[in-house]
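Here the structure is laid out as structure tokens; the discussion comes afterwards.
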Amino acid sequence: MATTDTEVNELIKREYEYGFVTDIESDTFEPGLNEDVIARLSGIKKEPEWMLEWRLKAYRRWLEMDEPDWAHVGYPKIDYDSISYYSAPKRPEDMPQSLDEVDPELLKTYEKLGIPLHEREKLAGVAVDAVFDSVSVATTFKEPLAKAGVIFCSISEAIQDYPELVKKYLGSVVPAGDNFFAGLNSAVFSDGTFVYVPKGVRCPMELSTYFRINAANTGQFERTLIIAEDSSYVSYLEGCTAPMRDENQLHAAVVELVALDDAQIKYSTVQNWYPGDENGKGGIFNFVTKRGACIGKNSKISWTQVETGSAVTWKYPSCVLRGDNSVGEFYSVALTNNYQQADTGTKMIHLGKNTSSTIISKGISAGKSSNAYRGLVKFGPGAEGARNFTQCDSLLIGDRCGAHTFPYIESKNKSAIVEHEATTSKVSDEQMFLCRQRGIDPEQAVSMIVNGFCKEVFKELPMEFAVEAGKLLEVSLEGSVG
Amino acid sequence: MLSIKNLHASVEGKEILKGINLEIKAGEVHAIMGPNGSGKSTLSQVLAGNEAFEVTEGEVTLNGENLLELETEERAREGVFLAFQYPVEIPGVSNLQFLRTAVNALRHHRGESEMNAAEFMKLAKEVSRQVDLDPAFLKRGVNQGFSGGEKKRNEIMQALLLQPKLAILDETDSGLDIDALQVVSNGVNALRAKDRAILMVTHYQRLLNHIVPDYVHVLAGGRIVKSGGRELALELEERGYGWLGIKEEETANSSAN
């Protein structure tokens, strides 16, 4: 039934709705990277000496590293000297002290994106940190959070205000030498979010960061660090968008999570960077290192990601399960369309006794895209009684896309138990015919089928965002059936 | 209501329907019988708009409207309903969500307001009882893990929900035990109405003991070779298809199924 396939393929075409550019005056570095650029960046941020040293050390290390080439993606070689490593909206010397001081153009940008920075608005109950190009422009609900003892601020502020915490944990989960992109990030990271939840505190609201790339020819290198002390709990969500541009732009972030005894961190991502046009021109290169360390016993880290944007995605949110009985979870929906490429998955490193992990990955490929799941499950010698369950499902829409699964399992402990299930299916002509025969629009049918396929992952998202994620899929798929 | 004139259709270049002529008036129930490979299922699929089949000649109108010009979903909204012989599964999509989407698509087409979840739940529960399905099944994935009998009952339930003008039932009796056959037949009989036409495709006479048709047609080699009343079906049961000049091997194939 070739006709239906054609229809399905047409459904997938739809314009990216966040592709606008904000006309705002910016201070942007000349392209290029060397020690002077890093020193200048650190200087603008008025960083202490130790921070600059840390960056330079990372930079020197990075110079000796090679860009990874093992992922199932192809892209033109990146010229790291053609990228600008810092861009910030021009404004008075000091950071805005309140929302009233934030440039109204910026506030409008976030309004267009549906992210209210005014605390009274509808997302009330969710505290937002907004990162625009290289800097954090606003963080909401700081005061009520501070009352609970929760620190929620930009990483730049944290370096100034909480240097001991930053020194102790920055790079403790993802060291500068971990990989090429993490190394680059460590040298040039400009801003990001810092969260600290003290002992016994259940963070009273969802925390979230919205990342926006605006300036042309710049890279965004954000750094996020979340620390959950003993018996604390925090749920954090990040969202990302970027303008439509013909050139590719690099986004190389590092996220580190630290969970101590009995602590829980829930980290959700809705990634909607500009994916490039339908011919594969432009789009963000999303090369990201995310890792959580379950240091304490009975701790738990849960990653949920909905990845629909970016031209190329290289991302493996992972858990190092060091504490006994600690739990790692990874729930992922990755949708690729047109010429998008994704190589994404996770690593579950079991070190402690009775550690357990769950991996649920749902890959959806449409158009001419390529979607790969890559996952490592590793059991160290001390991982007595550890277990993992992996379920990896791929859904193909049309017949010109690809899905790949690369599971790796390494076990140094005989008592460890691994289960792996994998399926590949297609949105079948029969399913489409059934839906249409009942009067349902082809577009709605595809969206319903895809949402059904992703249900197990969506139910892990915070309520407000589960709906958003469903809609996002719908939008990303629109145009794939005529 | 339904008028089919000289309908020819082929799949992958092979002609299956070779000139079907059929008129069904509102309120009538017609049964199409015939050996395997005679084109019975193809006729149902073509009427519903399955794009795997190409209509090469002829015309089909429903209440004067040219069906062949309409997309599958448009035909459905005009009141064409097909109860599938092998209903497909849609994992993760609940029956309830699927059915409500379908009902609302039709309501939207008629300019009526959409039914909310609570209203629809009430209606769906009522109808599911009519075909003896536990309302708990509404929460399960579409046809997911349903037994053969449950799938068929689910199809009839959908017909009852969607209230079509033309209901085409493709081998609705296949794979049913006698109790399930009774339940499904009761459902179909509940569908009978003055303003509705029903076209039943079946292999076996036994269904017609429960749902008594007004007319019976025998399809062979892509054409209707014989039409008659209820008694034609009984005669077929007694004498097989041979006396109509239909090839032995086709008859043999049909009884194997």
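Filter the cross-link list A:Lys199/A:Lys378; A:Lys77/A:Lys266; A:Lys45/A:Lys77 down to pairs whose alpha-carbon distance in this structure exceeds 32 Å. Spell out each step's value before the answer.
Details: A:Lys199/A:Lys378 30 Å; A:Lys77/A:Lys266 35 Å; A:Lys45/A:Lys77 30 Å.
Table pairs above 32 Å Cα-Cα are A:Lys77/A:Lys266.
In a fully extended conformation the segment linking A:Lys167 and A:Asp81 would gain 28.1 nm over its present Cα-Cα distance, using 0.36 nm per residue.
Leaving out ligands, DNA and RNA, calculate the buried accessible area for the pair B and A with a 1.4 Å probe, summed over both sides, in Å² to the nearest 100.
Values: alone 12060 and 19110 Å², together 28960 Å².
Using a 1.4 Å probe, the pair buries roughly 2200 Å².
Could you identify which residue out of B:Leu199, B:Leu67, B:Leu176 has the top mean-square fluctuation in a GNM of chain B using Cα springs shorter than 10 Å? The residue with the greatest mean-square fluctuation here is B:Leu176. The calculated FRET efficiency for the pair B:Arg239 and B:Gln163, based on their C-beta separation and a Förster distance of 41 Å, comes to about 0.60.
Largest mean-square fluctuation among B:Lys14, B:Lys151, B:Lys125, in a Gaussian network model of chain B whose springs join Cα atoms under 10 Å apart, belongs to B:Lys14. Which whole-number percent is the relative contact order of chain B (Cα, under 8 Å, 6+ apart)? The normalised contact order for chain B reaches 28 percent.
Label positions at A:Lys414 and B:Arg110, each projected 7 Å from the Cα along the C-beta direction, are separated by 7.0 nm.
In the assembled protein chains, B:Leu162 presents an accessible area of approximately 20 Å² (probe radius 1.4 Å).
So for B:Glu71, B:Glu114, B:Glu155, what's the accessible-area order with a 1.4 Å probe, most first? Numbers along the way, then the final one.
Values: B:Glu71 80, B:Glu114 115, B:Glu155 0 Å².
Ranked list, largest accessible area first: B:Glu114, B:Glu71, B:Glu155.
Residues in the stretch B:163-177 near a label at B:Asp214, defined as backbone nitrogen under 20 Å from the 7 Å Cα→Cβ point? Within reach of a label on B:Asp214, which here means backbone N under 20 Å from a point 7 Å along Cα→Cβ, the stretch B:163-177 contributes B:163-170.
Any idea of A:Cys203's accessible area? Nearest 10 Å², probe 1.4 Å. Roughly 10 Å² of A:Cys203 is accessible to a 1.4 Å probe.
If the limit is 22 Å between Cα atoms, which of B:Lys151/B:Lys226; B:Lys5/B:Lys152; A:Lys147/A:Lys300; A:Lys362/A:Lys459; A:Lys347/A:Lys414 go over it? Write out the running numbers ahead of the final one.
Working: B:Lys151/B:Lys226 32 Å; B:Lys5/B:Lys152 30 Å; A:Lys147/A:Lys300 25 Å; A:Lys362/A:Lys459 13 Å; A:Lys347/A:Lys414 19 Å.
Flagged as over cut-off: B:Lys151/B:Lys226; B:Lys5/B:Lys152; A:Lys147/A:Lys300.
When 1/r is averaged over all different Cα pairs and the result inverted, which Kirkwood radius in Å belongs to the protein assembly as shown?
On the way: mean 1/r = 0.0348 Å⁻¹.
By the Kirkwood definition, the hydrodynamic radius is 28.7 Å.
Here each label is just a point 7 Å from Cα along the line to Cβ, and for B:Asn189 and B:Gln130 those points are 1.5 nm apart.
The values are calculated or read from the model by the stated rules, or taken from the named source; none is laboratory data. Everything numeric in this text was worked out from a predicted model, so none of it was measured. Cβ: placed from backbone, ideal geometry, glycine included. Neighbour counts: every protein chain shown. Keep in mind that these areas ignore ligands, DNA and RNA; they rest on the heavy atoms of the full protein, side chains included. Shrake-Rupley method; radii C 1.70, N 1.55, O 1.52, S 1.80 Å.
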